Amino acid sequence: MFATLTEAQRKRVEGALDTVPYAKLLGIQLEDVVEGRSVLTMRVRADLKQNHGVVHGGAIASLIDSAMAFAIIPLLSDNERTTTVDLTIHYLRPLTEGVAKSSARVVRAGRRVIVVAAEVLDHNEKLVATAVSTYLRLTPDAD
């Protein structure tokens, strides 16, 4: 993990991982990050499920959004951060057990806008959801 990242990129990724209490609450784990790509996992737990025994769509969305953010982090300058502008998810099959894995990749990193795609697989490697998102680069001098 982090093998191709610079020391500065690695520290930023590790710092981000340590400062996201919501990800810890959901049990999201970082598996791999390289420039423009990441893989995160989340173990299915009873408290992440809705009343029909299926993982809540919001938990899946959070896994996706987190994977996308970690794919972006190594591409940012020291003074940059990002925020999600939109997130479109297509839920394709119910997630009920095991470990969900979200893989994200940057499709295009422009000067102001970054487009990212992701997918979620279940423990049998079956596609659970696909997503696309737009992030806005934020700098201290931006409006």
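Taken together, the values in this text are just the output of simple stated rules run on the coordinates, not laboratory data. No experiment lies behind these values; they were computed from the predicted model shown. Glycine gets a Cβ as well: all are built from the backbone with ideal geometry, and neighbour counts include every protein chain shown.
Taking label positions 7 Å along the Cα-Cβ direction at both residue 92 and residue 24, the computed distance is 3.4 nm, reported to one decimal.
The simple spin-label model puts a point 7 Å past each Cα toward its Cβ; for residue 43 and residue 124 those points are separated by 2.2 nm. Considering only 57, 98, 110, the mean-square fluctuation computed in a Gaussian network model of the chain, springs between alpha carbons under 10 angstrom, is largest for 110. Taking every alpha-carbon pair within the range 2-52, the share separated by more than 18 Å comes to 40 percent. Computed extension gain for residue 54 through residue 79, at 0.36 nm per residue and net of the alpha carbon distance, reaches 5.0 nm. For Cα extents along the principal axes in Å, one of (i) 47, 27, 24; (ii) 78, 29, 25; (iii) 39, 32, 27 was computed from the structure I shared and the rest are decoys. Which label? Here the calculated entry is (i).
Across the chain, the relative contact order, built from alpha-carbon pairs under 8 Å that are at least six residues apart, equals 23 percent. Note on residue 7 and residue 31: the model spin-label points, each 7 Å out from Cα along the C-beta direction, lie 3.0 nm apart. For the chain, with a Gaussian network of springs between Cα atoms less than 10 Å apart, report the residue from 63, 127, 92 with the top mean-square fluctuation. Greatest mean-square fluctuation among the candidates belongs to 92.
Ignoring lysines fewer than eight residues from residue 49 along the same chain, the ones with Cα atoms less than 20 angstrom from its Cα are 24, 101, 126. Remark: 11, 101, 49 ranked as 11, 49, 101, counting other beta-carbon atoms within 10 Å and listing the fewest first. Per-peptide packing, taken as the mean over residues of other Cβ atoms within 10 Å, places 17-24, 114-121, 131-138 in the sequence 114-121, 131-138, 17-24 from highest down.
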